[in-house]
Amino acid sequence: MNHQSVAFKNTQFPFPPHLHYSTPIPSRVLFPFSLHPNKTITKSPYSAFSCRGFHTPLLNHPSCSFHSSNATKPAAVKTVDVATLGNLCVDIVLNVPKLPPPSPDSRKAFMEQLSSSPPDKQYWEAGGNCNMAIAAARLGLKCVAIGHVGNEIYGKFLEDLLQAEGIGMVGMSEETDVLNAPSSSYETLLCWVLVDPLQKHGFCSRADFSKEPAFRWMNTLSEEVKRAIKRSRILFCNGYDFDELSPHMIISAVEYAVEVGTSVFFDPGPRGKSLLSGTAEEQKALKHFLRMSDVLLLTSDEAESLTGLVDPILAGQELLRKGNCTKWVVVKMGPKGSILITKSGITCASAFKVKIMDTVGCGDSFVAAIAYGFIHNIPLVTTLAFANAVGAATAMGCGAGRNVATLKQVVELMETPDLNEDDKFWNELLREHLDSQEVTFLSKMVLNGSNGRMKHVTLQKVVSELLPKLKSSQLEGTLSS
């Protein structure tokens, strides 16, 4: 469960009448566009990022399949850009007089009291992997959300919201288990984001009170899920998937993605550290992710916790060394910027200087832009700069879900860009790496060119190449692929 807050509003009491849950329903497949290559695609009103200027053939998936026979199989037609796996939840943000006591029993009782009657919809927002899917769709990528939601008002809320954003949905369920599990096991996951008068936060979710995944009844990948993975260029997973799905289910999805040539993106998030010391099955699944992912996305703290290396570049290089399929390791450095590490070089970009209102959803927006650059083979430094810009545009708003940045907001930011440069920080970080690999660095004022193994690319050059394409996309309102 991605415990992230959204925009804060005053709570209205009393709540509306009690929520009545219906019985679970089987797997649902909802697409605002077709999975078939020869059919017309209906796009979201936000899907206006044209790839015409950047169009290149799709990257070939690395030969890291588990089955030697795969080499003779024809490549699957990819009609979807990004599929997200699991972690579909509704965030409910409430102002409360005081946060619940820290004891699990007290917090659980508080959550059950809140759950007894649903608050007004103005306090609901899409959470978890919905954030990344919405951000990607608003950049023009065709997205599908794979996961389970219940047959109740919260599930309907997510379905309607995703459809309005032009995002398809493939439900995960198993009809054979409907009668063998309590109805609560099939309900949409909720994250109660509680805010006290001092703006301190508390979080409550039913996933917090169980040692087993919320949807532990789910054992196999349905044909609908496999079809969605096969048709997608990228399968995005994060550490919070383990709150919902069993390690076996997650590994099955990753293995199938590799088999059918779908690139795997993995962001372990804060759960990475707990998975490292979790059950034997969780540790195995984490190691599998780190070996088989094409792109790993981590904060510097998360990279350190997984490798034991404080230097984010050394940590990234260690993850590349151990990965069977890993092409990129992207390290998010917060207000400093970001680093993209490959086997052939290091790319660094300072963050954009903006007035930060809320950092919730910034990481998800950043990942969406990285996915765009990966799919369309945009130069690495441009990809990083674009990702930093999309993350910064989201930070200028308040909250995630439907509050993540739009393409229009990204364009406005890049029309008057400014970097939050910290020369001392970058010089100290890069000093020991200049002798071993070429470093590409996004600079504000430095002239283009190379200085030893340091290649400088100016912000002006990146923006001058990227901005016309963004503006053209706005005017055309179409996605060329």
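Key figures for this structure:
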| item | result |
| --- | --- |
| Positive-end residue of Ser344, Ile378, Asn420, charge dipole of the stretch 332-460 with Cβ unit charges | Ile378 |
| Overall dimensions of the stretch 106-174 by Cα: Rg and Dmax, Å | 14.1, 44 |
| Probe 1.4 Å - accessible area at Glu259, Å² to nearest ten | 60 |
| Residues with amide H under 5 Å from that of Thr84, placed H, sequence gap 5 or more | Val144, Ala145, Ile146, Phe236 |
| Derived scalar couplings ³J(HN,Hα) [the stretch 287-292; Karplus, 6.51 cos²θ - 1.76 cosθ + 1.60; whole Hz; x for Gly, Pro] | 4, 5, 4, 5, 7, 9 |
| All-pairs Cα distance distribution in the stretch 194-276, expressed in whole percent, bin size 10 Å | 16, 40, 29, 12, 4, 0 |
| D_trans [Stokes-Einstein, Kirkwood Rh over alpha-carbon pairs] for the stretch 231-295, 4 °C, 1.567 mPa s, µm² s⁻¹ | 111 |
| Amide H within-cut-off set for Gly261, under 5 Å, with H built and near neighbours excluded | none |
| Å² per residue, accessible surface of the stretch 397-448 at 1.4 Å | 54 |
| For the stretch 256-328, Kirkwood radius (reciprocal of mean inverse C-alpha pair distance, Å) | 12.3 |
| For the stretch 288-439, the spread of Cα positions along each principal axis, largest first, Å | 38, 35, 28 |
| Whole-number Å³ per residue for the convex hull built on Cα positions in the stretch 195-337 | 143 |
| Computed over the stretch 236-280: relative contact order in percent, which uses C-alpha pairs under 8 Å that are six or more apart | 55 |
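The values are calculated or read from the model by the stated rules, or taken from the named source; none is laboratory data. Keep in mind it's a predicted model, so treat the numbers as computed, not measured. We place every Cβ from the backbone using ideal geometry, glycine too, and count neighbours over all the protein chains shown. When the accessible area is computed, the model is the full protein with side chains, heavy atoms only, and any ligands, DNA or RNA have been set aside. Shrake-Rupley method; radii C 1.70, N 1.55, O 1.52, S 1.80 Å.
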